[in-house]
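Chemist: Could you have a look at this structure, given as structure tokens, before my questions?
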Amino acid sequence: MNSQQMGQQHYTSSSSMHFDTCVVSCVPAELTLENNGKKEKLKGFNLKLKDTILFPEGGGQPDDHGTVGGVPVLRVLRQGPEAVHFISSALEEGQEVHIKLDWERRFDHMQQHSGQHLITALADTMFGYKTTSWDLGRQRSSIELDTATVKPGEMEALEVAVNEKIRAHIPVAVNLLSIDDPAVEKVRSRGLPDDHAGPIRIVDIEGVDANMCCGTHVSNLSHLQVIKILGTEKGKKNKTNLIFIAGNRVLKYAEKSYSIEKSLTGLLKTGADEHVDAVDKLQKTVKRLQKVTYCDTVIFLTVGEEKGAGLFLLAGPENIVTEVGPRVSELLQGKGAGKAGHYQGKANSLVKRAEAEALLKEHSCKLTAGEE
């Protein structure tokens, strides 16, 4: 994207949430969207505006969403020097329209993108690791580093360094330079797109990094709040993927982690520090029970609170387990599956555990019941 796509004021600032402009063209079009792994074709219209504040997909950053004239914008793509907005219903050529930006989505992208610039700059400065690509994912983002491995302690040191920069309240500025400006040669870049036109856009983290970039960014590193490096994964040949989250995503990650921790505490009846040991014990118990071959014995194991949710396992003669497994699951208001003499699942209520035991006794001459 360049300055021909949006007014210079809005192009250099990522904080504009409303804007008035007019329709240049609106023509019928189709768009393929992916929803829960399934591709769906939508009919709509490709809209071009005299000016826009909606960022088109590019540079590793997803596009903005919002409304134009009250009509939802489902996608924004770059076609040469122009931004094309895909909308569900038509607008008239020449019509004056109001753009409203989905700010929550934009600000999330700003935090992740500026976070990537900061991590990339310091990974290079501290360890000589160059960034070869990056991806802004829906839940977490990844940076591809040009190294086969990272040394122990490096990611921890990098996380400390990036958060020190955030706390230092360092300004982030956007500058527009002509393509023949000598200063362009001094900035970090992975090259310009073939169809680039107009001035070069430089994102400058004062005293830290200057990078050629078309994306949207915070105006101060303090707006990132915090960055958490979740770890690294093996990437493509001789590459390493650094996984991170920034800003509000860290808060959401903490909230979700606590919710999972609380649920596990209820199911396993142990403190958070003992969850791993409790699950390990449960897995070993299941494996031990799966080796049981007594022809007249049905083993019934449950894990969880007496009147709450939990897990259950049946092991014994295949004909008995196959017959009563679904009935036990129904009594426990749960879902389960099984094969080869084993049936296990999740129970939404263990209140009728005694009734399940009675049912099993009716179908076997010996019952071994257990509760963890």
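The values are calculated or read from the model by the stated rules, or taken from the named source; none is laboratory data. Keep in mind the model is a prediction, meaning the values are calculated, not measured. Here Cβ is always computed from backbone atoms with ideal geometry, including for glycine, and neighbour counts include all displayed protein chains.
Chemist: Only one of D20, D63, D51 is acidic (D, E) and buried (at least 20 other Cβ atoms within 10 Å of the Cβ); which?
Modeler: Selected residue: D63, the only one of D20, D63, D51 that is acidic (D, E) and buried (at least 20 other Cβ atoms within 10 Å of the Cβ).
Chemist: Kindly establish whether K48 is part of a strand (DSSP E or B), outside the structural domain of D204 (by TED's automatic domain parsing), without any contact (Cβ under 8 Å) to a residue 24 or more places away in the chain and over 30 Å from R140 (Cβ atoms).
Modeler: no
Chemist: Ok, one more. Could you check region 62-136 for strands (runs of 3 or more DSSP E) lying wholly inside it with 2 or more residues that are closer than 18 Å to P28 by Cβ, in contact with a strand residue (DSSP E or B) (Cβ under 8 Å, 6 or more places away or on another chain) and in contact (Cβ under 8 Å) with a residue 40 or more places away in the chain?
Modeler: 71-79, 82-87
Chemist: Condition first: in a helix (DSSP H, G or I), surrounded by 11 or more Cβ atoms within 10 Å (Cβ to Cβ) and out of contact with any Lys or Arg (no Cβ under 8 Å at 6 or more places or on another chain). Now tell me which residues in region 143-159 satisfy that.
Modeler: Step one: of region 143-159, the residues in a helix (DSSP H, G or I) are 154-159.
Checking the rest, the ones that are also surrounded by 11 or more Cβ atoms within 10 Å (Cβ to Cβ) come to 154-155, 157-159.
If the condition is that a residue be in a helix (DSSP H, G or I), surrounded by 11 or more Cβ atoms within 10 Å (Cβ to Cβ) and out of contact with any Lys or Arg (no Cβ under 8 Å at 6 or more places or on another chain), then E154, M155, A157, L158 are the ones that fit.
Chemist: Sticking with this one: Scan region 290-312 and give yes if some residue there is in the same structural domain as L360 (by TED's automatic domain parsing), part of a helix (DSSP H, G or I) and modelled with pLDDT under 80, otherwise no.
Modeler: yes
Chemist: Still on this structure, please answer the following. Search region 342-355 for residues that are in a helix (DSSP H, G or I) and pair each with any residue that is β-branched (V, I, T) when their beta-carbon atoms are under 8 Å apart and the residues are at least 6 apart or on different chains.
Modeler: Taking only residues 6 or more apart or on different chains, the pairs are R353/T302.
Chemist: Among all residue pairs at least 6 apart or on different chains, which show Cβ distances below 9 Å where the first residue, located in region 269-285, is on the phi < 0 side of the Ramachandran plot and outside any helix (DSSP H, G or I) and the second is modelled with pLDDT of 80 or more and small (G, A, S)?
Modeler: Cβ pairs passing all conditions: T270/A278.
Chemist: Within region 315-338, which residues are modelled with pLDDT under 85 and either touching a Lys or Arg at 6+ places or on another chain (Cβ under 7 Å) or part of a strand (DSSP E or B) (or both)?
Modeler: Correct list: A315 only.
Chemist: Do you know which residues across region 160-187 are assigned to a helix (DSSP H, G or I) and among the hydrophobic types (A, V, I, L, M, F, W, C)?
Modeler: Within region 160-187, the subset assigned to a helix (DSSP H, G or I) is 160-167, 182-186.
V160, A161, V162, I166, A183, V184 - these are the residues of region 160-187 that are assigned to a helix (DSSP H, G or I) and among the hydrophobic types (A, V, I, L, M, F, W, C).
Chemist: Here's another thing I want to ask about it. If you scan region 237-266, which residues turn out to be in contact with a helix residue (DSSP H, G or I) (Cβ under 9 Å, 6 or more places away or on another chain), in contact (Cβ under 8 Å) with a residue 40 or more places away in the chain and assigned to a helix (DSSP H, G or I)?
Modeler: Scanning region 237-266 gives N248, R249.
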